[in-house]
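Here's the structure we're looking at; comments come further down.
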Amino acid sequence: MSAGNERSGPEPTAVLEAVDISKHFRVRAGRFRRGTVHAAENISLALRPGTVTAVVGESGSGKSTLTRMLARTHKLTSGRLYFKGEEIDPRAAATKDYRSAVQLVLQDPFASLNPAHTVRYILSRPLQIHHKAGDDLQESVLGLLRRVALEPAEQFIDKYPHELSGGQRQRVSIARALAVEPEVLIADEPVSMLDVSIRLGVLNLLADLRDRDQLAIVYVTHDIASARYLADTIMVMYAGKVVEVGPADLIANAPQHPYTKLLLSAAPDPETATKTWLGDSGAPPSLVSPPSGCRFHPRCPFAMAVCSQQAPPSFDVAADHHVACWLHSPEQVEAQSGALG
Ligand SMILES: Nc1ncnc2c1ncn2[C@@H]1O[C@H](COP(=O)(O)OP(=O)(O)OP(=O)(O)O)[C@@H](O)[C@H]1O
Ligand SMILES: [Mg+2]
């Protein structure tokens with residue numbers, strides 16, 4: 001994983017890599033004016049087989065926009081994508097092969113499964129369309145149900161979505177994504193609509209798919225605690241930008257960006273069950289006219305003059321740990337160590 005670093009070519013071990021990708025939406029900003037939503041800006045990431053990358057941030061921070069760019073249902077405004085080292089033509093529509101290799105699982109398993117069809121039909125269709133069924137279609141469908149731990153599979157195959165619980169439905173959505181043998185699975189808030197008691201089961205299923213099937217998984221969430229539980233790498237987004245990225249244990253135990261610290265302090269602490277609210281510290285800005293400089297500066301307790309003037313680049317704080325915050329510029333780090341010494 002890397003963010004914000006210049007590189008001449010794609011990372012050899014990445015199945016999917018984004019370099020500096022951005023998405024702007026043109027919108028009507030008033031009666032006569034048009035504006036631009038700067039939804040995701042200059043994001044770089046490399047997804048490797050057998051790893052989970054969590055994308056964490058508040059509502060409107062650009063997480064879904066990023067997933068849509070990776071799945072190529074949104075065209076990039078700028079930047080580059082590499083699939084297995086090959087650069088993708090940004091003007092071309094995604095091929096059928098790309099669409100099966102990079103699968104999206106959405107938040108709402110109620111909306112994403114057609115209520116008129118049985119599980120058998122829902123899972124048979126992608127197997128047939130993508131010629132993945134093998135000799136025995138029924139056995140292939142049962143195999144998919146077993147992979148997502150819906151067992152005994154024979155009891156689920158002829159059910160309709162309304163006969164399943166939310167967690168079971170989300171497992172069927174994941175099975176449908178697996179039907180086309182993806183290499184990248186992008187799960188956009190896959191557990192946020194599920195009962196708290198069954199979330200862990202679905203997260204553990206994603207962990208199994210990473211470990212057993214070596215999938216490269218993107219896990220999108222508001223909840224940094226679940227990201228810490230599941231992910232190898234955590235990428236924190238604020239107002240369309242990556243503010244910090246690094247190994248999950250470093251982000252959780254030694255966060256460097258003031259916003260990551262805020263997110264962690266707002267996550268419930270299982271030991272004390274106390275919770276502070278992000279809302280107490282202000283709200284994310286408009287992305288039509290985002291704040292100058294660092295987009296977090298109006299909410300940041302440590303903001304300096306430079307923060308409102310210039311957007312911070314990504315500074316390295318440890319191997320694979322990068323933070324876009326002026327507090328970590330070499331000059332600041334030196335000044336602070338001088339003050340301490
Ligand atoms: N099709 C679109 N047209 C215009 N603006 C859009 C479009 N899609 C997203 N946006 C805007 O882009 C910004 C980022 O939205 P996005 O859905 O990516 O955020 P998110 O982090 O996924 O939020 P949530 O946690 O609520 O799902 C928001 O300001 C949103 O209103
Ligand atoms: Mg979203």
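The values are calculated or read from the model by the stated rules, or taken from the named source; none is laboratory data. On a predicted model such as this, the values are computed, not experimentally measured, just so you know. Every residue, glycine among them, receives a Cβ derived from its backbone with ideal geometry; neighbour counts consider all protein chains shown.
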- Item | Tally of residues being within 12 Å of ILE224 (Cβ to Cβ) and in contact with a Ser or Thr (Cβ under 7 Å, 6 or more places away or on another chain) across region 235-253 | 6
- Of the residues ALA46, ALA40, which single one is closer than 21 Å to VAL15 by Cβ and within 14 Å of ligand 2 (Cβ to nearest atom)? ALA40
- Which is modelled with pLDDT of 90 or more, part of a helix (DSSP H, G or I) and touching an Asp or Glu at 6+ places or on another chain (Cβ under 9 Å), of SER100, SER44? SER100
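Among the residues in region 131-138, are any under 30 Å from GLU11 (Cβ atoms), away from ligand 2 (no atom under 16 Å from the Cβ) and touching a residue at least 60 places away in the same chain (Cβ under 8 Å)?
no
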- region 20-77 - residue that is in contact (Cβ under 8 Å) with a residue 40 or more places away in the chain, of a type in the set (Ser, Thr, Tyr) and more than 10 Å from ligand 1 (Cβ to nearest atom) and, of those, surrounded by the fewest Cβ atoms within 10 Å (Cβ to Cβ): THR77
- Query: Taking the stated definitions as given, is ALA239 more than 16 Å from ligand 1 (Cβ to nearest atom), farther than 15 Å from ILE174 by Cβ and surrounded by 18 or more Cβ atoms within 10 Å (Cβ to Cβ)?
  - Reply: no
- Quick one: in region 179-192, which of the residues that are within 16 Å of ligand 1 (Cβ to nearest atom) and over 17 Å from GLY50 (Cα atoms) is surrounded by the fewest Cβ atoms within 10 Å (Cβ to Cβ)? SER192
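Is it true that some residue in region 193-215 is at negative phi and within 16 Å of ligand 1 (Cβ to nearest atom)?
Yes, there is a match, as at least one residue in region 193-215 is at negative phi and within 16 Å of ligand 1 (Cβ to nearest atom).
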- Query: For region 50-69, how many residues meet the condition of being more than 13 Å from ligand 2 (Cβ to nearest atom) and either out of contact with any helix residue (DSSP H, G or I) (no Cβ under 9 Å at 6 or more places or on another chain) or of a type in the set (Lys, Arg) (or both)?
  - Reply: 1
- Considering region 70-87, residues that are among the charged types (D, E, K, R) and in a loop (DSSP other than H, G, I, E, B), and then whichever is farthest from ligand 2 (Cβ to nearest atom), we arrive at LYS84
- Message: Looking only at residues that are among the hydrophobic types (A, V, I, L, M, F, W, C) and either in contact (Cβ under 8 Å) with a residue 60 or more places away in the chain or out of contact with any His (no Cβ under 9 Å at 6 or more places or on another chain) (or both) in region 307-325, which one is nearest to VAL245 (Cα to Cα)?
- Response: VAL323
- Query: Residues in region 165-203 that are assigned to a strand (DSSP E or B) and either among the acidic types (Asp, Glu) or within 16 Å of ligand 2 (Cβ to nearest atom) (or both): how many?
  - Reply: 3
- Is one or more of the residues making up region 116-132 assigned to a loop (DSSP other than H, G, I, E, B) and closer than 17 Å to ARG171 by Cα? yes
